[in-house]
């Protein structure tokens, strides 16, 4: 197979060389100079511009007809304005596109070289230049003013009573949080994230759980380091060396200087400590807890301990402040954490976007909405959904249509499948759905639930198929 | 005695003539050939990932042959896909269209067109090339390291690029990307400073700024943009390197990844974006302006007409250059930037359309009532005007923040910048190669092959990128490995096999160019001194391309570069060295 490929390449090169030779000979025979473009060639290229123009325009028009209805009607209030603005701009640029390209291709086709003609010497014309400075400026002024009006409308103040929903992103899935009956989001901290608390909502129990987890890990790591054979051997050697040094010292000078001799008496205590420790070390090295680690591994474990201790400090430093009428930690108890976004139709929603790892972008094309999710920096976007999922299914004549929120900032291997279903419902349907969602803190005495964990209601949506490979898990 | 010594000195060894050359013409060829090699790599990468996009999940033997474990069973791996996309973009933007375009044509044309014996500093110029080559090697080598090349897109936004645990490409490959970029910027700065100094100080007698060819004006503004903006990229890149290696947190805050809460707080990923785009947007014009300068020269020469509105063209270049520094925020409308700040960037960005419109209309008026010779260079230049207009217009939509929200980071953006920046700049570069090939190599390229090359390229170029507007407007994000998880996009995905087919044909069409180029270097028809009957000074040098450019005295300039078809003269061109006739007014 490989020989065949090499053969084909070799034949190809040989053919090219032959082609070159033939070309050489014919050029010599014709005796034409490359820079002297013949009348026929000029005319051919002039005509090709026209042919190209027709083909190009035909292609563009075909695309407009077949694919011009790029998205169904906007499902959000501001989106209608965006679409009108888009159409307005599209009309302008389409007109300019056809006009300018046509002039360009037409002049190219018309004024091809003829020996007996001389080009018009026309170096500048202030009036003409003024025209095509002022006219584009005026058109752009309209585009800018109209665009900024739309922009201001969509980025303005959020109405009182707007629904607030937090959207959390991570590699590679989405989670949403509703504030619950108190309408306040509880404090959340990336330090408290666990598989059952993907947002890191702060509660006393959560702090206790994670703190215990971290302390456990630190103890385990410290134990591993304490029982590392290399480290133990080094320590033992050092201790033995100290003892040896002291003995040596004693033999040399002990008899001559009594003062030092006294010291030796005092030092016997540390000698015992050393001896005990040496015995202990020997025992530890023999025990089955003993480990052997590379230097890099030791370094990594020390680094890990340092990081975990820092995390612990950050957790202990969390403040419990009041927001509204409640304490931040209590406000989280009734929060609802879900894997499918439900929105009531006709009500303004303010999204608060967060990310726990890299930048993601929450893109909802059917609502003409997009905002980046930036780790450490919450971002906001408001919109009012105007068309329920059911109505949109009728509009698109597609029973399976669903609104989606997709990731639109490259975020890793499974970026291309990071999505969440969005459901727009009537107010009543939405309320019914919301009531069915578990609150973050489930009072087991009341609920007597079958499961012990307080996991979010992720039974709605299965994990996206591709999310598995890099999904974070606590070690 | 002195003469003898000098003659002896000119007997150069192979090494000093072809490798460590300080002659601007040789350095320009070194840049060009390196850029062509990098260009071949970048085009091939794009064809490989277009196979996946056109026919997702289908097995292609060639992928496995070329990529091995990156394409098990002939299906491109999704991490490898991101690496290919990233390196394609990086190579095209920096190595082909910045280093390749400016490096080749600024080096070749600045001394020749202003009437200088060489660059102000031949040594810096040589260094500039060697830094460029070194950085090219590192970038290519990064494709072969453990974990693969950088994969976060050519903008390498942190935290994705800062955290090795975020994706395989953020390991060694990313470090090499950053290192390569620092060296690239060094190269660019050495080159840029040299260009500016040379243009300001070494102009021949009579070469007033208002007599400079537009190519030189474009190179001057390009070099100034580079000198002012590339250092900012270095700071962005160095801070990122420190976040990766020294445990700093310039761009990182409150991150929980791979099951661990990182100890970094207080940084902002958005800071990187501001720094990056402070270079990134001028960069667009660093790529585009030289192409516009080249096409101004070619269009005027081959229309046998003065460029229309010479002073307005200079004004437009300066205005574009200035505005390009205050528009970077339009890349960041959806980062949570304050909406009022967004409005400011909308305003400044849309202002750029005005000088751009002036340039487009001036080109078209130059063609009007011209006497057009369709050399391959001229075809590419007219093609450039078309792509500049077509691609520029969609910029009006992207500059409008309200509209950007819905098309940001979709294929609409991919379509926009590939047409306005990719195609235009490549057309400028190819046009420049066809036009100045006789000056570089003393031989001619084949015109007929050039025709075939141009028509295939423009048809395939538009065939690839025009449909992408519609894919993007339908809501398809860029940098997706596969769209089959999104049924609402199925109907536009029909376009992908067509796009990929055009890409493959267009890529193959470049073989015509490669053959023409390399064959003509050795076997092309021998050139005459001024094949295109052009006015500019480079065509007054001998075909032999000697050290110092002019054998005797330096030329003296008496007029602007665009006296084509001047009614006072019988010939349809009047070289810049021709003194004004008695009573003749300069343009």
Within segment A:388-403, residues surrounded by fewer than 22 Cβ atoms within 10 Å (Cβ to Cβ) and either in a loop (DSSP other than H, G, I, E, B) or at the interface with chain B (Cβ under 10 Å from one of its Cβ atoms) (or both) come out as A:388, A:396, A:397, A:398, A:399, A:400, A:401, A:402
Residue hits (segment A:32-42; within 9 Å of another protein chain (Cβ to nearest Cβ) and outside any loop (DSSP other than H, G, I, E, B)) are A:41, A:42
Of the residues in segment B:355-408 that are under 20 Å from residue B:328 (Cα atoms) and assigned to a loop (DSSP other than H, G, I, E, B), the one that is nearest to the other protein chains (Cβ to nearest Cβ) is B:400
In segment A:359-381, residues that are surrounded by fewer than 21 Cβ atoms within 10 Å (Cβ to Cβ) and part of a strand (DSSP E or B) total 2
Of the candidates A:408, A:398, the one satisfying the condition of being modelled with pLDDT of 95 or more and either touching a helix residue (DSSP H, G or I) at 6+ places or on another chain (Cβ under 7 Å) or on the phi < 0 side of the Ramachandran plot (or both) is A:408
When segment B:527-540 is checked residue by residue, the ones that are more than 27 Å from the chain's Cα centre (by Cα) and either in a helix (DSSP H, G or I) or more than 30 Å from residue B:558 (Cα to Cα) (or both) are B:540
Selection from segment A:406-439 of residues assigned to a helix (DSSP H, G or I) and within 23 Å of residue B:258 (Cβ to Cβ) yields A:415, A:416, A:417
Residues of segment B:243-259 being within 14 Å of residue A:375 (Cβ to Cβ) and facing another protein chain (nearest Cβ under 9 Å), in sequence order, are B:252, B:253, B:254, B:255, B:256, B:257, B:258
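Can you go through B:421, B:445 and tell me which one is facing another protein chain (nearest Cβ under 10 Å) and either touching a helix residue (DSSP H, G or I) at 6+ places or on another chain (Cβ under 7 Å) or assigned to a helix (DSSP H, G or I) (or both)?
Sole residue among the options that is facing another protein chain (nearest Cβ under 10 Å) and either touching a helix residue (DSSP H, G or I) at 6+ places or on another chain (Cβ under 7 Å) or assigned to a helix (DSSP H, G or I) (or both): B:445.
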By residue number, the members of segment B:263-276 that are assigned to a helix (DSSP H, G or I) and crowded, with 23+ Cβ neighbours inside 10 Å are B:269, B:272, B:273, B:276
Of A:122, A:88, A:98, A:172, the only residue that is surrounded by 20 or more Cβ atoms within 10 Å (Cβ to Cβ) and touching a helix residue (DSSP H, G or I) at 6+ places or on another chain (Cβ under 9 Å) is A:172
Of the listed residues (B:535, B:566, B:516), the one being at pLDDT below 95, buried (at least 16 other Cβ atoms within 10 Å of the Cβ) and within 28 Å of residue B:112 (Cβ to Cβ) is B:566
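Which of the residues that make up segment A:57-79 are free of Cβ contacts under 8 Å to residues at least 40 places away in the same chain and under 24 Å from residue A:366 (Cβ atoms)?
A:63, A:64, A:65, A:66, A:67, A:68, A:69, A:70
So that you can scan it fast, the table gives a plain yes or no per residue for (1) surrounded by fewer than 22 Cβ atoms within 10 Å (Cβ to Cβ); (2) in contact with a strand residue (DSSP E or B) (Cβ under 9 Å, 6 or more places away or on another chain); (3) free of Cβ contacts under 8 Å to residues at least 60 places away in the same chain:
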position	(1), (2), (3)
B:436	no, no, no
B:442	yes, yes, no
B:450	no, no, no
B:463	yes, no, yes
B:478	yes, yes, no
Practice task
Determine, yes or no, whether residue B:343 is without any contact (Cβ under 8 Å) to a residue 24 or more places away in the chain, closer than 25 Å to residue A:408 by Cβ and at the interface with another protein chain (Cβ under 9 Å from one of its Cβ atoms).
Solution key: no
Given the condition more than 7 Å from chain B (Cβ to nearest Cβ) and over 30 Å from residue A:155 (Cα atoms), answer yes or no: does some residue in segment A:65-76 qualify?
yes
Picked from segment B:485-523 (must be in contact with a strand residue (DSSP E or B) (Cβ under 9 Å, 6 or more places away or on another chain) and assigned to a helix (DSSP H, G or I)), the residue nearest to residue B:419 (Cα to Cα) is B:488
Note on segment A:57-83: residues outside any loop (DSSP other than H, G, I, E, B), in contact with a helix residue (DSSP H, G or I) (Cβ under 6 Å, 6 or more places away or on another chain) and within 13 Å of residue B:467 (Cβ to Cβ) are A:63, A:67
(message) Yes or no: segment B:145-162 includes at least one residue that is assigned to a helix (DSSP H, G or I) and without any contact (Cβ under 8 Å) to a residue 24 or more places away in the chain.
(response) no
By my count, helices (runs of 4 or more DSSP H) wholly in segment B:19-90 with at least 3 residues that are without any contact (Cβ under 8 Å) to a residue 60 or more places away in the chain and closer than 21 Å to residue B:507 by Cβ are B:24-54, B:61-67
Inset, instruction - For segment B:319-337, state whether one or more residues are closer than 30 Å to residue A:307 by Cα, in a helix (DSSP H, G or I), more than 9 Å from chain A (Cβ to nearest Cβ) and within 24 Å of the chain's Cα centre (by Cα). - result: no
Across segment A:281-308, the tally of residues that are touching a residue at least 12 places away in the same chain (Cβ under 8 Å), away from every other protein chain (no Cβ under 13 Å) and more than 17 Å from residue A:233 (Cα to Cα) stands at 2
Those residues of segment A:324-343 that are surrounded by fewer than 20 Cβ atoms within 10 Å (Cβ to Cβ) and either farther than 22 Å from residue A:184 by Cβ or modelled with pLDDT of 95 or more (or both) come to a total of 1
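Inspect all residues belonging to segment B:35-56 and state whether any of them is farther than 29 Å from residue A:411 by Cα and surrounded by 19 or more Cβ atoms within 10 Å (Cβ to Cβ).
There is at least one residue in segment B:35-56 that is farther than 29 Å from residue A:411 by Cα and surrounded by 19 or more Cβ atoms within 10 Å (Cβ to Cβ).
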When every residue in segment A:404-425 that is under 26 Å from residue B:339 (Cα atoms) and within 11 Å of chain B (Cβ to nearest Cβ) is compared, the one surrounded by the fewest Cβ atoms within 10 Å (Cβ to Cβ) is A:404
Filtering segment A:108-127 down to residues that are under 24 Å from residue B:568 (Cβ atoms), within 7 Å of chain B (Cβ to nearest Cβ) and within 55 Å of the chain's Cα centre (by Cα) yields A:111, A:122, A:123, A:124
**Message:** Against the condition within 14 Å of chain A (Cβ to nearest Cβ) and either within 30 Å of residue B:42 (Cβ to Cβ) or not in a helix (DSSP H, G or I) (or both), how does residue B:561 come out, does it pass?
**Reply:** yes
Within segment A:44-60, the residues that are over 13 Å from residue B:455 (Cα atoms) and facing chain B (nearest Cβ under 9 Å) are A:59, A:60
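The values are calculated or read from the model by the stated rules, or taken from the named source; none is laboratory data. A quick note: this is a predicted structure, and the numbers were derived from the prediction, not measured. Virtual Cβ from ideal backbone geometry, glycine too; neighbours counted across all protein chains shown.
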